[in-house]
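Scroll down for the structure; my scribbles are underneath it.
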Amino acid sequence: LCALSTNHSSSYLAYPGSVLSGDIIVHDTNNLSTVAMIPAHDSPLAALAFNASATKLASASERVRQT
């Protein structure tokens, strides 16, 4: 699971920081450096997507059922 922005001037790669929680790592692919670690969700990530200008990142997590 990962998302790559398509904006040439702001090229970012987002991917899960953990398989157990919803942390997201954002990596700048132009400068080859990590720019952010976002604690976005309590459960594992299910989807990631950048908008066209790479200024916003959408994420969704797995739904955890309570029994």
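Applying the selection to region 29-39, what residues are out of contact with any Leu (no Cβ under 8 Å at 6 or more places or on another chain) and either surrounded by fewer than 10 Cβ atoms within 10 Å (Cβ to Cβ) or at pLDDT below 95 (or both)? Asn30, Asn31, Leu32, Ser33, listed by residue number.
Here are some residues: Ser61, Ser10, Ser53. Which one is in contact with a strand residue (DSSP E or B) (Cβ under 7 Å, 6 or more places away or on another chain), open to solvent by less than 80 Å² (accessible area, probe 1.4 Å) and among the polar types (S, T, N, Q)? The match here is Ser61.
Starting from residues that are out of contact with any Gly (no Cβ under 7 Å at 6 or more places or on another chain) and aliphatic (A, V, I, L, M), keep the ones in region 40-50 and report whichever is surrounded by the fewest Cβ atoms within 10 Å (Cβ to Cβ). Checked region 40-50; the qualifying residue surrounded by the fewest Cβ atoms within 10 Å (Cβ to Cβ) is Ala47. Within region 13-27, the set of residues being crowded, with 16+ Cβ neighbours inside 10 Å and of a type in the set (A, V, I, L, M) comprises Leu13, Ala14, Ile24, Ile25, Val26.
The set of residues in region 1-44 being under 20 Å from Glu62 (Cβ atoms), small (Gly, Ala, Ser) and free of Cβ contacts under 8 Å to residues at least 40 places away in the same chain consists of Gly17, Ser18, Ser21, Gly22, Ala40, Ser43.
The values are calculated or read from the model by the stated rules, or taken from the named source; none is laboratory data. None of these values were measured; they are calculated from a predicted model. So basically every Cβ, Gly included, is an ideal-geometry build from the backbone, and we count neighbours across all protein chains shown. Accessible surface areas use protein heavy atoms only, side chains included; no ligands, DNA or RNA. Shrake-Rupley method; radii C 1.70, N 1.55, O 1.52, S 1.80 Å.
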